[in-house]
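The structure appears below as structure tokens.
Computed from the coordinates by the stated procedures, all read-outs in this text should not be read as laboratory data. For clarity, every value in this text was computed on a predicted model and none was experimentally measured. As a convention, Cβ positions derive from the backbone with ideal geometry for all residues, glycine included, and neighbour counts pool all protein chains shown.
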Amino acid sequence: MNTREALLTRRSIRRYQSTPIPEEDLREILEAGLYAPSAINLQHWYFVAVQDPAAMEEVRGIMGGVVEKFTPVLEQRFARNPEQIGITNRFLSTLGGAPVCVLVFLLKPDYPDRDGAMQSVSAAIENVLLAAWDKGIGSCWLSAPQRMGFGPVLQARFAPDKGEFVAAITLGYPDQQGKLPPRREGRYTIV
Ligand SMILES: Cc1cc2nc3c(=O)[nH]c(=O)nc-3n(C[C@H](O)[C@H](O)[C@H](O)COP(=O)(O)O)c2cc1C
């Protein structure tokens, strides 16, 4: 797959086959994250790829708490598409059956250029999504656990000395066709 094709065809996947991801592929995907640009090259990221079934069960258990707190947010956001609420909640609590969930951390969260550090971690996340898709592996970027205040629980359990939890990424072979949400018009100018 060439770069442009990967960029244009990657979609958030919320239902996965249970087929495991070969460890070599998983390593290559995480390595691609490490090659992202970063503010003054500080490489402020850390990834914990959870694949052990018992550990995945723990992550799903934590996501159950996220669902409870997230539902009112979804009700407001999807007032006109209520079916989206159930889809998102089911996905969160089951992680769509994904065999892997990557937890992403911001190292040194007290670094003065916090925005730059966060942008760097975001770039690394996007690299992971695209590198996965290049191998036919679907993904979904999740900020809901952080937004709903579950970062400290994930930090304490999975990476107590790796800074602040930022996001989770589900990974697995898709069990659904991703649907392209319509692109909004007028989002760039060339001057
Ligand atoms: C920062 C960020 C946070 C996101 N958080 C969630 C989330 O918590 N749950 C979820 O189901 N999708 C989440 N997504 C996925 C978006 O819903 C998705 O990217 C968007 O609807 C566009 O669809 P596409 O990825 O298929 O292009 C997130 C995406 C980004 C970039």
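Which of rounded, prolate, oblate describes the range 93-191, given a ≥ b ≥ c as roots of the alpha-carbon gyration tensor eigenvalues and a/c under 1.5 marking rounded, otherwise prolate only if a/b is larger than b/c? Since a/c reaches 1.5 but b/c is at least a/b, the shape of the range 93-191 is classed as oblate. Rounded, prolate or oblate: which fits the chain when a ≥ b ≥ c are the square roots of the eigenvalues of the alpha-carbon gyration tensor, with rounded for a/c under 1.5 and prolate only if a/b beats b/c? Rounded, because the longest to shortest axis ratio a/c is under 1.5.
Largest mean-square fluctuation among D110, D25, D175, in a Gaussian network model of the chain whose springs join Cα atoms under 10 Å apart, belongs to D110. Straight-line cross-link reach from K179 at under 28 Å between alpha-carbon atoms covers these lysines, not counting any fewer than eight positions away in the same chain: K69, K135. Legend: ranking of residues E68, E83 from fewest to most surrounding C-beta atoms inside 10 Å; resulting order E83, E68. Considering only G151, A124, S12, and ranking their Cα positions along the charge dipole of the range 3-172 that arises from unit charges at the beta-carbon of Lys, Arg, Asp and Glu, the one farthest toward the positive end is S12. Between R114, R60, R15, the residue with the greatest mean-square fluctuation in the GNM of the chain (Cα pairs under 10 Å linked by springs) is R114.
Stretching the chain fully between R27 and D161 yields a gain of 46.1 nm (0.36 nm per residue, less the alpha carbon separation). In order along the range 37-51, the Karplus-derived 3J(HN,Hα) couplings, from 6.51 cos²θ - 1.76 cosθ + 1.60 at θ = phi - 60°, round to x, 8, 4, 5, 6, 7, 6, 7, 10, 8, 10, 10, 8, 8, 9 Hz, and Gly and Pro are given as x. R0 = 22 Å: FRET efficiency of Q119 with V153, Cβ-based, nearest 0.05? Between Q119 and V153 the formula returns 0.30. Exposure proxy ranking for T170, T9, based on other Cβ atoms within 10 angstrom of each Cβ and starting from the fewest, stands as T9, T170.
In a reduced charge model with +1 at each Lys and Arg Cβ and -1 at each Asp and Glu Cβ, the chain shows a dipole moment near 760 debye about its Cα centre.
Panel order for I137, I87, by other beta carbons found within 10 Å of each beta carbon, from fewest to most: I87, I137.
Ranked by the mean number of other Cβ atoms within 10 Å per residue, highest first, peptides 180-191, 43-54, 150-161 order as 43-54, 150-161, 180-191. Residues with beta-carbon under 14 Å from that of W141, excluding W141: net charge, scoring Lys, Arg +1 and Asp, Glu -1? Result for the neighbourhood of W141: +3.
Taking only C-alpha pairs under 8 Å that are 6+ residues apart, what is the relative contact order of the chain in percent?
Here the relative contact order equals 36 percent.
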